[in-house]
Amino acid sequence: MTRRMLLCGLSALACLGNLPSRAAASAPAVATFSILADLTARIGGPAVSVRSLVPVDGDAHEYQPTPDDLRQVKNAAILVENGLGLEGWMTRLPQAAGFHGVRITAAEKVTPRRMIEDGKDVIDPHAWQDPRNGVLYVRTIADGLMRALPDKAAEIAARAAGFIAEIEETDRWIARQYAAIPQEKRRILTSHDAFGYYGTRYGIALLAVQGISTESEPSASDIATLIAQIKHGKIRAVFVENMTDPRLAKTVARDSGAKLGPAVYSDALSPPDGPAGSYLAMLRHNTTQFAAAMAAN
Ligand SMILES: [Zn+2]
């Protein structure tokens, strides 16, 4: 028997009184992908019920919103997106869905990492991979949730502060994992270039099979250059993100003599029972895999 049924049985007044508070207890929130959904759920707690548009293990660069996504966005009180050009498919979605809630751009306070790719100046959207940016995401999402739910502001602020302390502890833990690894061994190769912020934070040199978006395919000469770089740079492991096509990275590993490492998580979490079911679990899992591979470099 649910609590409401019990109250209804005890008193009609309690039953009526209980309905509005139940309805107001959990505001519908939509996040564009699973990492933002996890952050929002941690900060919002029972004040929000969060749904991710791009599913776990999904690709947030390229996504086709479904009719059900449009309904979810229309009914949402809060919409959380990354920004920095990650979700091109979001440009028209809120308006098309008739969204009227609070829209939060989680990366708003981040200093973007710019790079030249195929001769173009592009912004790297994967800012969440640096835990110090994760802290900025939490502050921005908390501000937005407090704006949407002012009567829950105190509890949201308290949960955000606790979560920030956990992220800062994780950042210190990651730095400790790399502390004993000499600079010349701190090199990793991943299938798409999603770890630039992470590499900058912890002093790691990165190579990638694909660019910062999964939308462009590398040419045969790009691949040949990469294989030469691996051999020259003495990189022993290639990592494939959970949400990218592994075929290209497998070819590169085979042709360069590098070992294909276990899946790492860049743009999407694993299912809850997997190795990266939350933002913090993802950071720890990736770090453990990268540090083990660097020891063999
Ligand atoms: Zn990506």
Within region 281-297, tally of residues that are more than 16 Å from residue 236 (Cβ to Cβ) and at pLDDT below 95: 0
Counted residues, region 206-231 - those being more than 12 Å from the ligand (Cβ to nearest atom) and not in a helix (DSSP H, G or I): 6
Region 127-161: number of residues that are over 26 Å from residue 212 (Cβ atoms) and assigned to a helix (DSSP H, G or I): 18
When residues of region 38-73 are limited to those that are among the acidic types (Asp, Glu) and in a helix (DSSP H, G or I), the one farthest from residue 100 (Cα to Cα): 38
Residues located in region 110-131, provided they are basic (Lys, Arg) and either in contact with a Lys or Arg (Cβ under 7 Å, 6 or more places away or on another chain) or at pLDDT below 95 (or both): 114, 120
Tally, over region 170-205, of residues that are more than 12 Å from the ligand (Cβ to nearest atom) and either part of a loop (DSSP other than H, G, I, E, B) or among the β-branched types (Val, Ile, Thr) (or both): 10
Qualifying residue in region 243-259 (condition: under 22 Å from the mean Cα position of the chain (by Cα), over 22 Å from residue 295 (Cα atoms) and surrounded by 21 or more Cβ atoms within 10 Å (Cβ to Cβ)): yes
Single match in 58, 85 (criterion: crowded, with 17+ Cβ neighbours inside 10 Å and either free of Cβ contacts under 8 Å to residues at least 12 places away in the same chain or not assigned by TED's automatic domain parsing to the domain that holds residue 214 (or both)): 58
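Please note which strands (runs of 3 or more DSSP E) are completely contained in region 84-126 and include at least 1 residues that are of a type outside the set (A, V, I, L, M, F, W, C) and more than 24 Å from residue 208 (Cβ to Cβ). Show your work before the answer.
Working: elements: 102-105, 113-117, 120-124.
Once the strands (runs of 3 or more DSSP E) in region 84-126 are filtered for at least 1 residues that are of a type outside the set (A, V, I, L, M, F, W, C) and more than 24 Å from residue 208 (Cβ to Cβ), what remains is 102-105.
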Hits in region 267-284 - residues which are crowded, with 21+ Cβ neighbours inside 10 Å and within 19 Å of residue 168 (Cα to Cα): 276, 279, 282, 283
So residue 293, is it within 20 Å of residue 198 (Cβ to Cβ) and in contact (Cβ under 8 Å) with a residue 60 or more places away in the chain: yes
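Which of the residues that make up region 156-172 are among the charged types (D, E, K, R) and surrounded by 14 or more Cβ atoms within 10 Å (Cβ to Cβ)? Steps first, please.
Looking only at region 156-172, we keep the residues that are among the charged types (D, E, K, R), and these are 159, 166, 168-169, 171-172.
Hits for region 156-172 are 159, 166, 168, 171.
The values are calculated or read from the model by the stated rules, or taken from the named source; none is laboratory data. This structure is a prediction, so every number in the text was calculated from the model and none was measured. Cβ coordinates were reconstructed from backbone atoms using ideal geometry, including for glycine residues, and neighbour counts include every protein chain displayed.
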